[in-house]
Amino acid sequence: MQADFIVAGATLIDGSGGPARQGDLAVRDGRIVAMGDFPHPEGVPVIDGRGQVLAPGFIDSHTHDDGYLLAHPDMLPKVSQGITTVVTGNCGISLAPLERDAIPQPLDLLGPPELFRFGTFRAWMDALRATPAAVNVIPLVGHTTLRVAVMDDTSRAADNGERAAMRGLMQEALDAGAFGVSTGTFYPPASAAPTDEIIDVCRPLKDLRASGRLGLYATHLRDEADHIVPAMEEALLIGRELDCRVVFSHHKLAGERNHGRTRETLDLISRAAASQRVCLDCHPYPATSTMLRLDRARLASRTMITWSKGYPEATGRDFTDVMQELGLDDEAAVSRLAPAGAIYFLMDPADVNRIFTHPLTMVGSDGLPFDPHPHPRQWGTFTNVLRTMVREQRLLSLEAAIHKMTGLAASQYGVAERGLLREGYHADLVLFDPATVTDVATFSAPIQASQGIHAVWVNGKRVWDGERTGTDRPGQVLTPGDALPRSL
Ligand SMILES: [Zn+2]
C-alpha cells in the first residue's frame, strides 16, 4: 500500500451513526485508501491521533457563502470549525444568475454589489472552479434571485412570460450542476409569489427524474411563527408536485406565543416522511439573524443590530438602546437604520433541543459572512453543537451528532463518496479533541475561531492545522452524484 499520510491511533467515528472504534486511516491522492489496522509503509508521515476523534469533514447544510467563497477562499470561519463542504444559495438568494449594480434586500446579505457579476449560474460555477476555495460546494439556485433578475416589479405574481424566463434560468442552473432550488417567500422580493408560480418556475426539477436525478427544494418558509403549519403544508405540496426532496431550512418557531410548537411541526414532518422525501436543518442557537424587520423585532425578546447603513453607530448594539438614543419608536427606528441587519432572540431553547434530536435534522450554520458584527453561528455552529449538545447537555451521542453533520447531510443532498469514512471515499476529514472542542464566538464577540479542531483536510489536502489555514485551495464544486436513494 502507498499513502501520502496516515492518522494513527485515533477514535474513528465514521459518520454513519454507528459506534466509534479505534484505528488508523491512510490517505493517498485525495482518497481514503486504508482504515483500521494495517501495516504502515516506510517513510510515510504519521500524524498522532491518540486521544482525538477522526471523522468525515462536516457538511454545512445551510449557508450564504456564495460570494464569500470567491472573496475569502481560505474560508477561515468554516474550516476552523471542521467544515469541509458548504451548501450555498439558501433562502431563495443565490449570487447567480444576476448581474446588477443595485441589489435589493435580502440579496445584499450575500455581500457587496460588486460580487453580483454572473449573468448565468454556470459563469459563477466556472469562477469557483478557476479560483477554488478551501472547501467543497453544493450549489443551489435561488428563486428570489430569478425574480429579481427577470421581473421589473417583484411586488406581484409573475406573469406567464416572466415564469417562462425564470424557468429558462432554472434549467440553465440545473444543467450547469445546481443540486436544486431554494425559496424565501418570507422576504419581500418573493413574498408575492403564489404557490403555483413556484411550481411553474421549478418544473425543471421534476424533469430531472427522467434522467435518474432527484431534485431538491429547500425553503425558508413564508411564515415561521403563528401560521407555520400552512406554510409547511405549502412546501410539502410543492415537493409532491415536483416529485423532489423538501428541505425545511433553519426550522424554528418564532415568538414566545409559539414556543413549544415544535411538537406539532416535528410530528408533521415525521408523518410527511412516511410518504415523501423530507428533511430539515437547524443551528444550536435560540437566536436567528437576517435583515432588520419590524415584524421580527416585535416577535423577539431582544434584538441586536449587526449592521446599519442608515445609522452605522448602531452596529453591535441592542435595538432598544438605539431607539432610546434616537428618541424614536420601533417603526421609525427601523426606517432610520435601514437597510440594516439584526439578530433576534425569539426561539425557545427547548424547541431548539427538540429539533436537534429529530432523526432527519442536519446541521446548518445559516451564517451571514459579510456582517461586520455577525451572529456567532458563522464561526461556531458545529463546535457549539459538540460542546453544548454532546458534552454539556448530553442530548446527543458524539456518533449521532457527527452523523447529522456528515453522513445524513451527504445522503440527503445526494453527494457521492463523501460524508462517511470508507475506503475509496474522498478524504474530507476532521481531527478534533472531543474533551475540549469548543466554539469561542459569542454574541458580543462573534468573530473568533473555534478551539480543539486540530486538523482539517479537504480532498486529502490540509486546510486547517489548529491555528491557521493552509495555502492549498482544494475545494471542488460538487456534482449531483446520486441516482435515487435506496430508501425514502
Ligand atoms: Zn433563511
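Database remark: amide H of Gly316 closer than 5 angstrom to the amide H of Ile305, Thr306, Trp307 (H placed geometrically; neighbours at sequence offset of 5 or more, or on other chains; Pro and chain starts carry no H). Near the amide H of Asp65, within less than 5 Å, lie the amide hydrogens of Gly89, all on another chain or at least 5 residues away, with H placed in the peptide plane. Taking the Cα centre of the chain as reference, the dipole from Cβ charges on Lys and Arg (+1) and Asp and Glu (-1) amounts to some 780 debye.
Residues in segment 55-70 carry Karplus couplings, in order, of 9, x, x, 6, 9, 7, 6, 8, 9, 10, 8, 3, x, 4, 4, 7 Hz; the curve used is 6.51 cos²θ - 1.76 cosθ + 1.60 with θ = phi - 60°, and Gly or Pro positions show x. Could you work out how far apart the two model spin labels at Ala102 and Ile447 are, taking each label as a point 7 Å from the Cα in the direction of the beta carbon, and quote it in nm? For Ala102 paired with Ile447, the spin-label model returns 3.0 nm. Could you give the distance between the Cα centres of segment 364-402 and segment 179-235, to the whole Å? That distance is 26 Å.
The distance from the alpha carbon centre of segment 315-351 to that of segment 21-56 is 50 Å, rounded to a whole number. Approximating the spin labels as points 7 Å out from Cα along Cα→Cβ, the Gln171-to-Thr320 distance works out to 5.5 nm.
Write down, largest first, the equivalent ellipsoid semi-axes of the chain in whole Å, where each equals the square root of 5 times an eigenvalue of the alpha-carbon gyration tensor.
Semi-axes, largest first: 35, 26, 22 Å.
Two decimals is fine: what's Rg over Rh for segment 1-152, C-alpha atoms, Kirkwood radius as Rh?
1.13
Put simply, the amide H of Glu417, placed in the peptide plane, has no neighbours under 5 Å, leaving out anything fewer than 5 places away on its chain.
The 3J(HN,Hα) values that the Karplus relation (6.51, -1.76, 1.60; θ = phi - 60°) gives for segment 197-209 are, in residue order, 5, 4, 4, 5, 5, 8, 3, x, 4, 5, 4, 4, 4 Hz. Gly and Pro appear as x. Start at zero, step by 10 Å, and the Cα-Cα distances of segment 289-345 spread as 29, 66, 5 percent across the bins.
Assuming R0 = 35 Å, what is the FRET efficiency of Asp48 and Asp472, from their Cβ-Cβ distance, to the nearest 0.05?
0.95
As a calculated quantity, the FRET efficiency between Ala130 and Asp329 at R0 = 56 Å, using C-beta atoms, amounts to about 0.65. Mean residue ellipticity at 222 nm, helices only, the chain: -7500 deg cm²/dmol; runs of at least 4 DSSP H residues each add -39,500 (n - 2.57), and the sum is divided by the number of residues.
None of the figures in this text is laboratory data; all of them are computed from the coordinates on show. The structure presented is a predicted model; accordingly, all values stated were derived computationally and were not measured. Quick reminder, even Gly has a Cβ in these numbers, built from the backbone with ideal geometry, and neighbours come from all protein chains shown.
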